[in-house]
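Working notes, structure below.
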Amino acid sequence: MTEKQTDPAHSFLLEDVERYGSIEKALIIKEIRSMQLYKQRNGGQAWVYYSRSALAEKFPYMKPTSIGRWLEELVKDGVLETTIQNKVKFDKTKSYRLTEVIP
């Protein structure tokens, strides 16, 4: 039997749900915010490398296509910035970071 790499408890900020309009977007924002904080506190860059399928593994109740749509909406709305910093040209996985300053 394979072990899933998901946390059994998922949470989000109510403020994010109210501001961005869905629990799913709030969950994605919280995940990126948490990873961004972790990387910054450990001396790394603020960019968080995530594919749609990796987020779908973390949140198995979300479809990769829906995750992609929500990520695009968050970028369009100015909540997230995105870049592609991969060493091989065929890898189009994006990195994300929040546009707001994290304390």
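Taking the simple approach of a point 7 Å from Cα along Cα-to-Cβ for both Lys89 and Glu72, what is their distance in nm?
2.5 nm
Expressed in nm to one decimal, what extension gain is obtained for the pair Arg41 and Thr82 from 0.36 nm per residue of sequence separation less their Cα-Cα distance?
That works out to 12.7 nm of additional length.
So what's the back-of-envelope 222 nm ellipticity for the chain, counting only DSSP H runs of four-plus at -39500 (n - 2.57) apiece and dividing by all residues, rounded to 500?
Taking each H run of at least 4 residues, the total per residue is -13500 deg cm²/dmol.
Leaving out ligands and nucleic acids, note down the accessible area per residue over the chain with a 1.4 angstrom probe, in whole Å².
Details: 7090 Å² over 103 residues.
On a per-residue basis, 69 Å².
The values are calculated or read from the model by the stated rules, or taken from the named source; none is laboratory data. Since this is a predicted model, take the numbers as computed values, not measurements. Reconstructed Cβ throughout: ideal geometry from the backbone, glycine too, with neighbour counts over all protein chains shown. We work out accessible area using only protein heavy atoms, side chains counted, and drop any ligands, DNA or RNA first. Shrake-Rupley method; radii C 1.70, N 1.55, O 1.52, S 1.80 Å.
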